[in-house]
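Note sheet for the following structure.
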Amino acid sequence: MTTHQEDDVDPRIPAAQQTHATPQSRTAPPAATPGLSRRGLLLGAAAALAAGPLAATAAHAATATTARTAGAAPVARTPKVLVIGLDGTMLNRIKDSGAPNLAALMAGGLTASSLYASPMAGTSSGPGWSTIATGVWPDKHNVRDNNFTAPAFAAYPDFLTRAETADPALSTYVVASWAPIADTIYSARVDTRVATPSAEYDTGTTARAVARLRDGNPDAVFVQLDNVDHAGHSSGSASQAYLDAIRGVDAQVGQILTAVRGRTGYAQEDWLVMVTADHGHTPTGGHGGSTWEERQTFVIANGSAFPAGSVRHDVRMVDIAPTALAHLGIAADPAWGLDGTPIPALVPDDFDALRPQLTGRVDETGIAAGVLGFTRTAPVGWSVDNSAMGTGGVTEWRGWSFTTDEFWTKAQRDQNRELNVRSRNVFAVADSDEWADKTFQGNYDSTLVSPEYAVAGRSSVPVAFTTFYRPEGAQTARVLAVWDGGTPVEVKSFTADTNGRQRLDLAVPAGASRLRLRFRYTGSNNWYWVVDNVRVG
């Protein structure tokens, strides 16, 4: 098989912002045969495709209701997954383009998501597609660029490989215009992997996907289309050529969805369709850096589990793999160490409730005036103790604040704030570095105080929270437990860089009935501490 080699490298673009590396060669896969074997059926509502691409849940409900009329038993639908990757495509430009097929899909469910930046990984295709496929961030799968120097795919395989491991009878298929996706990211456990020959490019990728979906019986399919990225490099994301490329890929998405709708057994199938991108583009063209435009991606999710018209702020690109697996009836094993969660299983935390009251900048100058993204007012039940806090400083960060990725990372780029990928939606941050950017007196000393949790009659209580901590100098970060209003007792402290989910099992003192947590951060023009998704019990 001739592999596709990218030819859109522009000498005017810095090397760090070039598109895909030259893909490795691969051996041609064996001729594909339709996968006719079948797995156990899942009961559930049908994911009905309407006249347009995947339709809203109203159609799903109608289908399910019809199946129950006249005393009929609920119809068992066969779960199917289709993930379409649109390389270098930006959500805001999809909306600007008026692409009808993508617009119909977006009506089913939509979320924006943001990427990491160096030193975790560059905003390039290797890390992006690896993150989408595996459900973990680059600090786990270890793909930092397009060279695939030492990927950890044995420990963190792609979701189709996990599906095949759980049920070898499943029929899985990958077709991609960028060869490393089929050659390297998805493993040989996948039934069929096709790197489209260069001469065929996205036209060939689309034709192959259409043929497999229309004539075969795949259970899970991944398709990658590349031309929007080419337009981004050659003309920039602000160009008409970029919009034209989006409309072109929209027509190809329409062909793929028509093939799904035209399947002989479509009425007995429950299709989950997700559309995503690996990175964004600068207005003038290029990616790989840390600008907000380069860090942009999205997840469009359309299926029976997604309410029509839903827009979420807590979904990340790592959620695609576990969402696909869950739809196929494959539960994630905690031992897999996935960073993602099936989207329907995501539960907002107390901080997320603050989104409607977020406001714009006060003292910050690097954040556009129209960006709403911070409040110092704690959610119901929470409080911030600033009794030992210094005075002055930048208003936004005077003590624990509640903010979003966009607002916080735009405060100052390239100081590792972009690595806070495991927080979702609104999170709490203590940032002595940004606070000290305006005249201040005293030290940064602020404590985030949780609600009280009932623990009566328990010998221990589990506590979990997501944290991103960057230390410097005499900075401290301590978690303290307060039992029945008594003296705070330290149960955890951080002294090194930490980025992940923390789990504690606290022994409940004899006779204690109430627990309150205190997150105390101290420093003076040091770095920061992020806390999110605190769960007790």
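Descriptive notes on the structure:
- Pro322 passes every criterion in (1) in contact with a Leu (Cβ under 6 Å, 6 or more places away or on another chain); (2) open to solvent by 10 Å² or more (accessible area, probe 1.4 Å); (3) closer than 18 Å to Val421 by Cβ apart from (2).
- Test: Arg214 is assigned to a loop (DSSP other than H, G, I, E, B) and touching a helix residue (DSSP H, G or I) at 6+ places or on another chain (Cβ under 7 Å): no
- Residues of the stretch 344-379 that are in contact (Cβ under 8 Å) with a residue 60 or more places away in the chain and either part of a loop (DSSP other than H, G, I, E, B) or touching a helix residue (DSSP H, G or I) at 6+ places or on another chain (Cβ under 8 Å) (or both): Leu346, Pro348, Asp349, Leu358, Asp363, Glu364, Ala378.
- Any hit, the stretch 139-154, residues being in contact with a Lys or Arg (Cβ under 6 Å, 6 or more places away or on another chain) and not basic (Lys, Arg): no
- Qualifying residue in the stretch 334-346 (condition: open to solvent by less than 20 Å² (accessible area, probe 1.4 Å), modelled with pLDDT of 95 or more and acidic (Asp, Glu)): no
- Considering (1) in a loop (DSSP other than H, G, I, E, B); (2) open to solvent by less than 20 Å² (accessible area, probe 1.4 Å); (3) of a type in the set (A, V, I, L, M, F, W, C), the lone condition that Ala388 does not fulfil carries the number (2).
- Residues within the stretch 468-493 that are more than 25 Å from Ala335 (Cβ to Cβ) and without any contact (Cβ under 8 Å) to a residue 40 or more places away in the chain, tallied: 12
- Of the candidates Leu170, Leu91, Leu160, Leu105, the single residue that is in contact (Cβ under 8 Å) with a residue 60 or more places away in the chain, farther than 21 Å from Arg501 by Cβ, of a type outside the set (D, E, K, R) and open to solvent by 10 Å² or more (accessible area, probe 1.4 Å) is Leu91.
- Counting the residues of the stretch 391-401 that are buried (at least 18 other Cβ atoms within 10 Å of the Cβ) and outside any strand (DSSP E or B) gives 7.
- Number of positions in the stretch 293-349 that are of a type in the set (Phe, Trp, Tyr), over 24 Å from Glu406 (Cα atoms) and in contact with a strand residue (DSSP E or B) (Cβ under 9 Å, 6 or more places away or on another chain): 1
- A single member of Ala305, Ala277 is within 24 Å of the chain's Cα centre (by Cα), closer than 25 Å to His327 by Cβ, in contact (Cβ under 8 Å) with a residue 12 or more places away in the chain and open to solvent by 20 Å² or more (accessible area, probe 1.4 Å), and it is Ala305.
- Of the criteria (1) crowded, with 20+ Cβ neighbours inside 10 Å; (2) assigned to a helix (DSSP H, G or I); (3) of a type in the set (Gly, Ala, Ser), which one Ser234 fails: (1)
- On inspection, Pro197 fails the criterion of being more than 23 Å from Gln296 (Cα to Cα), touching a residue at least 40 places away in the same chain (Cβ under 8 Å), part of a loop (DSSP other than H, G, I, E, B) and touching a Phe, Trp or Tyr at 6+ places or on another chain (Cβ under 7 Å).
- Filtering the stretch 402-455 to residues that are open to solvent by 30 Å² or more (accessible area, probe 1.4 Å), touching a residue at least 60 places away in the same chain (Cβ under 8 Å) and of a type in the set (Gly, Ala, Ser) leaves only Ala454.
- Pairs linking a residue in the stretch 133-147 that is under 20 Å from Ala176 (Cα atoms) and at pLDDT 95 or above to a residue that is of a type in the set (Asp, Glu) and open to solvent by less than 10 Å² (accessible area, probe 1.4 Å), with Cβ atoms under 6 Å and 6 or more positions apart or on different chains, are Ala133/Asp158; Thr134/Asp158.
The values are calculated or read from the model by the stated rules, or taken from the named source; none is laboratory data. Note that this is a predicted model, so its numbers are computed, not measured. Every residue, glycine among them, receives a Cβ derived from its backbone with ideal geometry; neighbour counts consider all protein chains shown. We work out accessible area using only protein heavy atoms, side chains counted, and drop any ligands, DNA or RNA first. Shrake-Rupley method; radii C 1.70, N 1.55, O 1.52, S 1.80 Å.
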